[in-house]
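Encoded as structure tokens, the structure appears first; notes follow it.
The values are calculated or read from the model by the stated rules, or taken from the named source; none is laboratory data. All of these numbers come straight from a predicted model, not from anything done at the bench. Note: ideal-geometry Cβ built from the backbone for every residue, glycine included; neighbour counts use all protein chains shown. With ligands, DNA and RNA removed, areas are computed over all heavy atoms of the protein, side chains included. Shrake-Rupley method; radii C 1.70, N 1.55, O 1.52, S 1.80 Å.
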Amino acid sequence: MSTTTDWNLAEVWEMCAEIRGSERTALVSGERRLSWADFDRRAGGVARALLDAGLGHQSKVAEYLYNGN
């Protein structure tokens, strides 16, 4: 059984934004609202930080999000 995939989270994210509309609301937290485009920009920033830290293609990353989105 292969452990690699032909897709990645970024592609799924971009597909959701394309289907739903990039300026449509993706997250509501109290008064704060983020669009799919907002998420895309923020994800790009996280990706850049990980690349700058030395991670590369198919690197594995875990996040510990205590009670967060």
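Working from Cα positions, state the angle (0 to 90°, nearest 10) between the long axis of helix 9-20 and the longest principal axis of the chain.
Helix 9-20 sits at roughly 30 degrees to that axis.
Keeping all protein chains in place, calculate the accessible area per residue for the chain (probe 1.4 angstrom), answer in Å².
91
With semi-axes √(5λ) of the Cα gyration tensor in Å in mind, check [x] 17, 12, 12; [y] 24, 16, 13; [z] 25, 14, 10 and report the label derived from this structure.
Working out semi-axes √(5λ) of the Cα gyration tensor in Å from the coordinates points to [y].
Could you give the longest part of the chain that holds none of the GluC sites (Glu not before Pro) found in DSSP loops with at most 15 neighbouring Cβ atoms within 10 Å?
Of all site-free stretches, the longest is 32-62.
Once amide H atoms are built 1.01 Å from N in the peptide plane, which residues 5 or more positions from S35, or in another chain, come under 5 Å H to H?
A26
Got a number for carbon plus sulfur as a percent of region 17-69's accessible area, 1.4 Å probe?
Of the solvent-accessible surface of region 17-69, carbon and sulfur hold 50 percent.
Scan region 2-69 for trypsin sites (Lys or Arg not before Pro) in coil per DSSP, keeping those whose Cβ has at most 16 other Cβ atoms within 10 Å, and list them by number.
Answer by residue number: R24, K60.
Counting helices only, and only those DSSP H runs with n ≥ 4, report the 222 nm mean residue ellipticity of the chain as the sum of -39,500 (n - 2.57) divided by its residues, in deg cm²/dmol to the nearest 500.
-13500 deg cm²/dmol, from helical runs alone.
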